[in-house]
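One structure is given here, and the rest of the page talks about it.
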Amino acid sequence: MELLDIYNEQHERTGRTVARNGEVRDGERLLVVHACVLNSRNELLIQRRQMSKDRYPGCWDLSAGGFVLSGEESPDAVQRELWEEIGLQAARDAIFFLFTETFSYVLDDYYLVRSDVDPDTLSLQTEEVSAVKWASQDEVEAMIADGRFVDYPIAGIRRVFRAGSAVQV
C-alpha cells in the first residue's frame, strides 16, 4: 500500500500520512509532481494516457507525473515518475522547479527537465502510457481546447513554455 504525506496549505508536511485513496480532511493537501520535458526547440514531450485509466482515459498529458510518496522529496518523485512512466533518466541537478498550483485537495509542483531524447527510444509503462511524442505550445493548447489533453489551466501551460524559453541548459 502506498502511503502519502499530508501537507498543509503552506506546502509543509503535517506529520500525518494517508493511504493513496484515503481520506483527506478540509485544509489538508496531497503533493503531486508534474515533469515537463522540453527539448532544444522548446517542444514538450507529452504522453498519452491508457484507455484503462480512471481519470482522463486516452487523453494526452504532460511528460510524467504522480503523487509524492511518504518521506520522498518532490524532485526525487520527478526522477521516479520519469523513469517509471517513460523510462527517462534525469539527474537531480537537471530537474528545475517551476511553480506550485493548488487544485482541489492537491498541491501540484511543476518541474522542467531539458532533453532531446528520441521518443522512439523510451520504454513506456504500458499500464499507464500508450504513446509519447513532442508537441509545440500551440499544439498543446489546441488539444486542451478540444478535450484531447488533460484540462490543465492554459495559464499554467504557458508558464511552462515561457520557462522553457528562459532556461537553456
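The values are calculated or read from the model by the stated rules, or taken from the named source; none is laboratory data. Note that the structure is predicted; figures quoted are calculated from it, not measured. So basically every Cβ, Gly included, is an ideal-geometry build from the backbone, and we count neighbours across all protein chains shown.
Scan the stretch 152-161 and give yes if some residue there is crowded, with 18+ Cβ neighbours inside 10 Å and either within 22 Å of Lys53 (Cα to Cα) or of a type in the set (D, E, K, R) (or both), otherwise no. Yes - at least one qualifying residue is present in the stretch 152-161. Taking residues in the stretch 100-125 that are over 18 Å from Val78 (Cβ atoms), and partners anywhere that are aromatic (Phe, Trp, Tyr) and buried (at least 17 other Cβ atoms within 10 Å of the Cβ), the pairs with Cβ atoms closer than 9 Å and at least 6 places apart or on different chains are Pro119/Trp134. Just one of the numbered conditions (1) surrounded by fewer than 17 Cβ atoms within 10 Å (Cβ to Cβ); (2) within 15 Å of the chain's Cα centre (by Cα); (3) hydroxyl-bearing (Ser, Thr, Tyr) is not true of Ser123: (2).
Scanning the stretch 20-36 for residues that are touching a residue at least 24 places away in the same chain (Cβ under 8 Å) and within 20 Å of the chain's Cα centre (by Cα) gives Arg20, Arg29, Leu30, Leu31, Val32, Val33, His34, Ala35, Cys36.
Of the candidates Arg49, Arg29, the single residue that is in contact with a Phe, Trp or Tyr (Cβ under 9 Å, 6 or more places away or on another chain), within 19 Å of Arg80 (Cβ to Cβ) and modelled with pLDDT of 95 or more is Arg49. Under the condition of being among the hydrophobic types (A, V, I, L, M, F, W, C) and within 20 Å of Thr100 (Cβ to Cβ), which residue from the stretch 1-19 is farthest from the chain's Cα centre (by Cα)? This residue is Val18.
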